[in-house]
1. In region 1-99, which GluC sites (Glu not before Pro) fall in coil by DSSP and have 12 or fewer other Cβ atoms within 10 Å?
2. For the cross-link pairs 54/105; 54/101; 45/101; 21/96; 18/101, which exceed 23 Å when the distance is taken from alpha carbon to alpha carbon?
3. Pop a pseudo-label 7 angstrom from the Cα along the beta-carbon direction at both residue 154 and residue 171 and give the gap in nm to one decimal.
4. Grab the DSSP H runs of the chain that are 4 residues or longer, score each as -39,500 (n - 2.57), total them, divide by all residues and round the 222 nm result to the nearest 500 deg cm²/dmol.
5. If I require 30 Å or longer along the helix axis, counting alpha carbons, and a Kyte-Doolittle average no lower than -0.5, what helices from the chain are left? Use full DSSP H segments.
6. Find how many whole Å separate the alpha carbon centroid of region 100-116 from the alpha carbon centroid of region 123-174.
7. Under a GNM of the chain (C-alpha, springs under 10 Å), which listed residue has the highest mean-square fluctuation: 122, 154, 39?
8. Which one, 13, 23, 159, is farthest towards the positive end of the dipole of the chain when Lys and Arg carry +1 and Asp and Glu -1 on their Cβ?
Amino acid sequence: MNRTEKQGLVDELSTKIKGAKVLYYTDFTGLNVKGMTELRRRLRKAGVEYVVIKNTLAARAVNDSGLVSTRLRGPTGMVIAKDPVAAAKVLADFAKEFEQKPEVKGGLLEGTAINTAQVKRLASMPSREQMLSQLAGGLQTPLGALVGALSGMLSTFAGALSALHAQREASGQG
C-alpha cells in the first residue's frame, strides 16, 4: 500500500471511531478463516464492526479521532460499536464457543481506557432492552399497588355514602 492509501484507511477508520461509543482491541491469533467469518457475521448482526488493520495505522486512527491509544502489540482486530454491552456479549459468547478466541486486550469506552476484566463485566450486564423492561416492571408494581389502594378507598367511600343515604331515607330525612 502506498502512503495515500494508508492515509485513506486511517481517515476512514478515524471517522468510524468518532461515531462509536466503544472500541475493543482483540487478539485473533488461533482463529481460522471460518472462525473469523463467523465472528464478523455475529458482530455485523449486532450492529458492530470488526476491523483488522496494522497496529501503527490503528493507533494513528485512534489518536486522530481525539482519543489516546494504548500501545498495540501482535495481531489486533478492532471492534467498533455504539452499544458497549452488545459488542462485549457477542465477543464473550463467541469466545466460549471457540476456545477463548479472540482474546480481548482492552479498549476504550467513551474515551476512557478499559481493561479485559471491565469488558467481561460489560458482557455480563443485561441488554438495554432487558434493563428497560426491568425498569418498567419496577415502576409498574408500586403504581399497581397505588391504584389498588385508591380503588379500595373509593369503594369504601361509596359504601359509606350508600349507607348514609339508606339511613337518611329510613329516618325520613332523604
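1. Here the sparse-neighbourhood loop sites are 99.
2. Flagged as over cut-off: 21/96; 18/101.
3. That separation, rounded to one decimal, is 2.9 nm.
4. Estimated from H runs of four or more residues: -20500 deg cm²/dmol.
5. Qualifying helices, which must be both long enough and hydrophobic enough, are 128-171.
6. Cα centroid to Cα centroid, the span is 49 Å.
7. Ranking 122, 154, 39 by mean-square fluctuation puts 154 first.
8. It is 13, whose Cα lies furthest towards the positive end.
Only the coordinates and a few stated rules stand behind these numbers; no lab work does. Since we're looking at a predicted model, the values are computed, not measured. Cβ coordinates were reconstructed from backbone atoms using ideal geometry, including for glycine residues, and neighbour counts include every protein chain displayed.
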